Amino acid sequence: MNVMVVGGGGREHAIIKKLKENKEITALFALPGNGGISFDAQCVDIKATDLDGIVDFAVKNGVDYAVVAPDDPLVLGCVDRLAEAGIPAFGPKASAAVLEGSKAFSKELMKKYHIPTAQYEIFTDAARALAYIEKNNVYPIVIKADGLALGKGVIIAQSYDEAAAAVKTIMQDKAFGKSGDKIVVEEFLTGPEVSVLCFTDGKTLRPMISSMDHKRALDGDMGLNTGGMGTVAPNPFYTADLAEQCMKTIFQPTIDAMNAEGRPFQGCLYFGLMLTADGPKVIEYNCRFGDPETQVVLPLLKSDLYTVMRACTDGTLDKTAVEFADGCAACVILASGGYPQKYVTGYEIVGLDQKGGVPGADIYHAGTAVKDGLLCTAGGRVMGVSAVAKDLSAAIDKAYKAAGRIHFKDMHMRRDIGKRALTALTKED
Ligand code: AMP
Ligand code: GLY
């Protein structure tokens, strides 16, 4: 069986390593993949947004099944295009990927179907947005570009001036292009954040083990927002009671709402939740696996990933078991100095073995390339170092120990991944 994975980051590497456990898969392609992924799959130099190139490659190479991992090809309709060519694929069609592709759509959906989320208003006119913010006069306030913005389209403004600057950046300077034609102005919520990824075939929903991302660049949740600097799973703030409550008030209602709108969602639906004093609320939906959540969730998946993905596509998830191991996982991201702003690439990475790994951990490559036979840095987030252990503290220690073996010039990592989660566990005792 030939399987193709669209994408080329750490998340895709984690998906590929897990798919490799299925012995029926004889060929694995990554489009475009990256330096480290090339040890586990055949990398093909086709961009994840080049839908014509992707479909053409899949047809010519007899691809039996595709996994479309990143947000942009999903929102552009990659799964629809593959389906038209007769190739089944994991991921939502464009009509359902809009749940991530338009924050205005997702907010209107939640309002219509009474799914708990932050209060908000939508604007297409900057002057009206500013008038609303001034009259509302509560800070912080959250300003969000409607469309995809590489995870950078959310600005938390502490004052009117900061809010006005955010509106200008998004709507007038068009920092995120057409994604900023519309904005959502939203109430600021507080509480621990939880990521819950769910497999779904459009009817049945199977939540995966919960996780916690660390979005800020620096220790103590300081510095700029990034794509994610590390993760732990499970998330200790997410109790069994909360899981039950979220299933009833958020997860199933979202699936039902998408069906009622004629937009059945198949694939991985990511719920970004905030556990507020008023109960769990949706901060965001993603139409895909999270990065770097995947790098702690999939190492704990006991079931065969290909079988589960296929069940999501074929509508047979009700007959398919999705089981997780009892342990815990931690992932520490090694980033280029300067990320998420300016950084230099092309530095040699030392400390990895012939296949890009280190003992005691799973290395998920993100921004790496092979140059003259050597692994070099090629992006902001360079790789994730993931480890699994019986408890969280041991998983964190293992991940940091392995990370300590790896080095490249100006390497940056947070030293406090999992610290907040460990505090929560200590409080429980
Ligand atoms: P998003 O890209 O929607 O995940 O937003 C990025 C981050 O901004 C989230 O992970 C939260 O930490 C924060 N955020 C987004 N919306 C809100 C909100 N309404 N209140 C507080 N923080 C928020
Ligand atoms: N880690 C958050 C995301 O994938 O959007």
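For the Cα trace of segment 17-175, dividing Rg by the Kirkwood Rh returns an Rg/Rh value of 1.11. Taking 0.36 nm per residue of separation and subtracting the current Cα-Cα distance, fully stretching the chain between Ala131 and Lys152 would add 5.2 nm. Taking the square roots of 5 times each eigenvalue of the Cα gyration tensor of segment 348-426, largest first, gives ellipsoid semi-axes of 26, 13, 9 Å. Taking one quarter of the surface of the convex hull spanned by the alpha-carbon atoms of segment 171-214 gives a direction-averaged projected area of 5.8 nm².
Each of Val385, Phe408, Gly367 was scored by the projection of its Cα onto the charge dipole of segment 359-429, and the greatest displacement toward the positive side belongs to Phe408; charges sit on the C-beta of Lys, Arg, Asp and Glu.
May I ask you to give the percent of accessible area on the chain that is carbon plus sulfur, with a probe radius of 1.4 Å? With neighbouring chains kept in place, the figure for the chain is 50 percent.
List the GluC sites (Glu not before Pro) within segment 1-82 that DSSP assigns to loop and that have no more than 12 neighbouring Cβ atoms inside 10 Å.
Glu21, Glu24
Applying 1/(1 + (r/R0)^6) with R0 = 22 Å to the Cβ-Cβ distance of Lys20 and Thr316 gives a FRET efficiency near 0.45. If R0 is taken as 35 Å, the Cβ-Cβ distance between Gln245 and Glu121 corresponds to a FRET efficiency of 0.80.
Running Debye on segment 256-388 with equal point scatterers at the Cα sites and no solvent, what base-10 log of I(q)/I(0) appears at q = 0.09, 0.13 Å⁻¹? Those come out to -0.40, -0.79, one per q. With +1 on the Cβ of every Lys and Arg and -1 on the Cβ of every Asp and Glu, and nothing else charged, how large is the dipole of the chain about its Cα centre, in debye rounded to the nearest 20? Here the size comes out at about 380 debye.
Accessible area per residue of the chain at 1.4 Å probe, in Å²?
42
Dipole size of segment 208-315 about its Cα centre, with +1 on Lys/Arg Cβ and -1 on Asp/Glu Cβ: approximately 140 debye, rounded to the nearest 20. Okay, which of segment 168-206 sit inside 13 Å, backbone N to the point 7 Å along the Cα-Cβ direction of Ala260? Counting backbone N atoms under 13 Å from the label point, the list is empty. Under 17 Å of direct C-alpha separation, and excluding same-chain neighbours fewer than eight residues apart, Lys203 reaches these aspartates and glutamates: Asp256, Glu261, Asp314, Asp318. A simple charge model with +1 on the Cβ of Lys and Arg, -1 on the Cβ of Asp and Glu and nothing else charged puts the dipole of segment 280-429 at about 420 debye relative to its Cα centre. The equivalent ellipsoid of the chain has semi-axes of 31, 26, 23 Å, largest first, where each one is the square root of 5 times an eigenvalue of the Cα gyration tensor. Using the Cβ-Cβ distance between Asp64 and Arg415 with R0 = 60 Å, the FRET efficiency computed as 1/(1 + (r/R0)^6) comes to roughly 0.85.
The values are calculated or read from the model by the stated rules, or taken from the named source; none is laboratory data. These numbers were taken from a predicted model, which means no experiment stands behind them. Cβ sites come from the backbone with ideal geometry, for glycine too, and all protein chains shown count toward neighbours. Accessible surface is based on the protein model in full, side chains and every heavy atom, while ligands, DNA and RNA are left aside. Shrake-Rupley method; radii C 1.70, N 1.55, O 1.52, S 1.80 Å.
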